[in-house]
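What follows is calculated from the coordinates using simple rules that are stated; it is not laboratory data. This is a predicted model, so every value here is computed, not measured. Ideal geometry is used to build each Cβ from the backbone, glycine not excepted, and the neighbour counts take in all protein chains shown.
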Amino acid sequence: MVIFKSTQDIIEYISAEKGKGVKYGFVPTMGALHEGHLSLIARVRNEGQAVICSIFVNPTQFNDKKDLEKYPITTDADIELLVKAGCDVLFLPGVEEIYPGGEQQTRSYEFGYLDTILEGAKRPGHFKGVGQVVGRLLDIVQPDTLYLGQKDYQQCMVLTKLLELTGRDKMKLVICPTTREADGLAMSSRNRRLTEPQRIIAGVIYQCLVSIQTKQEGGSFAIVKKECEELLAAKGFATEYVALADARDLTLLDEYNREIPMVALIAAKIGEIRLIDNILL
Ligand code: PAF
């Protein structure tokens, strides 16, 4: 695996490799890698592309600076995992490489409705930061395909919009299924901050999503939502939302509508740790 810290160096390398006909699949990350990230890398390889991964903890997407300070940094372990997983190129830039003229100077994008609901409403400015960094990373890396995890469903929709806004119609976006622990907990870099008792109950979020999925037949979402909120509260979670939406554009729904593809989404905090997850219906 070749590692680049400099933007100029990676641009030159990728451009030379692409000149030889190499196709690249790109997996952007903030490090603290886990099985979920590795599954994206395996997917790129299975689809016959060379893998570029980036590790950059993007300050502009943290609306809560305490969250940024506590974000786990495990670069040496990440590099080991990436080598084992067969990653070809790692981009490991510092802030000055991504935001050379300062954060304000970097192009940012408007995501409209998507930025006003759910994660957008709870984390003001978050998607602006995600759009800013992924826009910049794509400019540098110029991959053929972008691989994202379904766990961040709204982020996937925001980045689909980013590709549209930036005229990247030729770039393919592959959304990969969420990787889960045995009890259903979605893998996330934040999970390593859970205490043992918190970890034991964290699987309840997935149980709630499964019950929303199961009860769609003949059930009322309003009732299931209330049951989920009560269960989460009983387990000690502070629930931010239990929502149902049109899976195509995230229009929020009050009730099940089996004529359209739906997605159920939950965000809840246990202690200081904020967890999100979703399921397609
Ligand atoms: O999902 C993430 O880890 C981040 O939001 C991303 C896409 C790497 C941008 O910083």
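Close amide-amide hydrogen proximity is noted between K151 and T178, each under 5 Å apart and 5 or more residues distant or on a separate chain (H modeled in the peptide plane; Pro and chain starts excluded).
Counting only C-alpha contacts under 8 Å and six or more residues apart, can you give the relative contact order of the chain as a whole percent?
Numbers: 445 pairs, mean separation 46.9, N = 281.
Relative CO of the chain lands at 17 percent.
Here's how it looks for M30: its modeled amide H is under 5 Å from those of F56, which are all 5 or more places away or on a different chain. In this rough spin-label picture, where each label sits 7 Å from Cα along the Cβ direction, the T195-T116 distance is 4.0 nm. In order along the stretch 53-66, phi translates into HN-Hα couplings of 10, 10, 10, 8, 7, 7, x, 6, 9, 9, 6, 10, 5, 5 Hz, rounded to whole numbers, per the Karplus curve 6.51 cos²θ - 1.76 cosθ + 1.60 with θ = phi - 60° and x for Gly and Pro.
Just want to confirm a number: the relative contact order over the stretch 126-281, from Cα pairs under 8 angstrom separated by 6+ residues, in percent.
Details: 208 pairs, mean separation 29.1, N = 156.
For the stretch 126-281, the relative contact order is 19 percent.
Indicate, rounded to the nearest 5 percent, the antiparallel portion of the DSSP beta bridges found entirely in the chain.
Numbers: 19 of 38 bridges.
Looking only at bridges with both residues in the chain, the antiparallel portion is about 50 percent.
Take every DSSP beta bridge with both residues inside the stretch 47-201 and express the antiparallel ones as a percent of the total, to the nearest 5.
On the way: 1 of 9 bridges.
About 10 percent, rounded to the nearest 5.
Coupling constants for the stretch 67-78 follow from the phi torsions by the Karplus curve (6.51 cos²θ - 1.76 cosθ + 1.60, θ = phi - 60°), and in residue order they are 5, 4, 4, 8, 5, x, 10, 9, 4, 5, 5, 4 Hz; glycine and proline get x.
Karplus-derived 3J(HN,Hα) values for the stretch 267-274, using 6.51 cos²θ - 1.76 cosθ + 1.60 with θ = phi - 60°, are 10, 8, 10, 10, x, 8, 8, 9 Hz; glycine and proline are entered as x.
Quick check: from the Cα gyration tensor, does the stretch 152-281 come out rounded (a/c under 1.5), prolate or oblate? Oblate is the answer for the stretch 152-281, as a/c is 1.5 or above yet b/c matches or exceeds a/b. Other residues whose C-beta falls under 12 angstrom from the C-beta of K225 contribute a net charge of -3, scoring Lys and Arg +1 and Asp and Glu -1. The H on the amide N of E240, modeled in the peptide plane, is under 5 Å from the matching H of A267, A268, K269, each at least 5 residues off or on a different chain. By the helix-only formula, in which each DSSP H run with n ≥ 4 contributes -39500 (n - 2.57) and the sum is divided by residues, the chain has a 222 nm mean residue ellipticity of -12000 deg cm²/dmol.
Of all lysines in the structure, the ones whose alpha carbon falls short of 21 Å from that of K225, not counting any fewer than 8 places away in one chain, are K122, K151, K215, K235, K269. Between the helical axis of 35-46 and the longest alpha-carbon principal axis of the chain there is an angle of about 50 degrees.
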